[in-house]
Every structure is written in C-alpha cells, then in structure tokens.
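Working notes, structure below.
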C-alpha cells in the first residue's frame, strides 16, 4: 500500500506540473487570466500506460487514488487517460466512472482481426464492449518485443476507429536509429505506412504520440 501511495503522489505531481505547464503555454500570453482553447486543434493529453504492472486490487486502488488526487485539477485545457492491463480495464473504468467524468480509460494494444482462432489476442469489439475510450496502437514495445509491423499497425488502427474508439498511433525511433541520424526517416515511414487508406477526417480524429524507445521506461 505504501508503494502504491507513493506512486499516486508521483502521478499527482506529474499531472499538476503538466496541467500548470499547459495552462501557462495556452493561457499565459493573454495576460488577463482568461483562457480560450478555441484556436487549439486538440487538447494535450497526459496518459499513464501501466504496462504489465498491478494486480486487480492494486489497479483498483491506483485508479481511485488518481481520481481522488486529481479532483481539484482544472481539465479545461488537458485530458487525462489511464491504460491499465487488459484484465483490469473494467475495474479501472468502473472506478473512474463512479467518481470522475474527466478521466478516460484505454487499452494498451489491439489485434487487427475481429474474431477467430487467435489465442490470447484481444479485438476491437472486445475493447468496445468494455467501453474503452482510447487504444494505443504501435507502441514501441509492441513493435520491438512482439514484432508488430507498420502494416499490422495500420489494420489495427482502422479497427479501432471502425468500432468507435480513438486510436493513439505511437511512433518513434530506437536509440541506434537516433544515434545514426535515421530518426526522421523512421518516423516518416511509420506515419506514411501507419496511415495508409485513411481519409483526412479519419487522420484528424486520431492521436499521434511521439515516444522513442530510448526515452521511455
């Protein structure tokens, strides 16, 4: 419990800093204390990917702590999202829904087929039935560890949108690619192949996250 409490405090500090930074960036120049996001294309998002961590009880505890600690934060200019492991999405969604309408809950990945003999895979219809708001697609660990390629990521992204959820397309280079100056070429390829077949309105409706593998833990 002490470890989870410390983690909750760290999350609160990170969220508070993020909200303050975005408030300052978006509203500070006005000089009159009045902020309008009418000219901002999309609200910034602070998202917590829990990866393969927590069990059922600690996932519920952490979700309720995040809700409690963020009750006093302003959400006018920012969105907050939590990405727990698959087995705990329902628990976290329920905990968030009962206490806050401001925090979204998403899934860490999705398979591009809707059903079939794909042991351990999770489909977009399954995630939709859990009322997921967002889905991470193409996370660097899915690319490197599970060998997801741009073509599969493109198909997964389309499935997410087809089932009424918002995909977060993750792009980024490895440390080796960064050090060899390939980062721009790698990201361009990920974007071009990841967005194949999408209309302008579909691209506008998704989120693109830059998360180079060498910069995340």
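Could you go through segment 51-71 and let me know if any residue there is in a strand (DSSP E or B) and at pLDDT 95 or above. Give the derivation first.
Taking segment 51-71 and keeping what is in a strand (DSSP E or B), we get none.
Checked segment 51-71: no residue is in a strand (DSSP E or B) and at pLDDT 95 or above.
Only a single item in (1) within 22 Å of residue 195 (Cβ to Cβ); (2) without any contact (Cβ under 8 Å) to a residue 24 or more places away in the chain is not met by residue 140, and it is number (2). Are any residues in segment 190-200 surrounded by 11 or more Cβ atoms within 10 Å (Cβ to Cβ) and either touching a strand residue (DSSP E or B) at 6+ places or on another chain (Cβ under 9 Å) or not in a helix (DSSP H, G or I) (or both), and if so, which ones? Hits for segment 190-200 are 190, 191, 194, 195, 196, 198.
Report yes if residue 203 is in contact with a helix residue (DSSP H, G or I) (Cβ under 6 Å, 6 or more places away or on another chain) and either outside any helix (DSSP H, G or I) or farther than 23 Å from residue 48 by Cβ (or both), otherwise no.
Working: in contact with a helix residue (DSSP H, G or I) (Cβ under 6 Å, 6 or more places away or on another chain): no; either outside any helix (DSSP H, G or I) or farther than 23 Å from residue 48 by Cβ (or both): yes.
Here the answer is no, as residue 203 does not meet what is asked.
Scanning segment 158-192 for residues that are under 20 Å from the mean Cα position of the chain (by Cα), in contact (Cβ under 8 Å) with a residue 24 or more places away in the chain and over 29 Å from residue 130 (Cα atoms) gives 173, 174.
The values are calculated or read from the model by the stated rules, or taken from the named source; none is laboratory data. Because the structure is a prediction, the values reported are computed rather than measured. In this analysis, Cβ positions are derived from the backbone assuming ideal geometry, glycine residues included, and neighbour counts consider all displayed protein chains.
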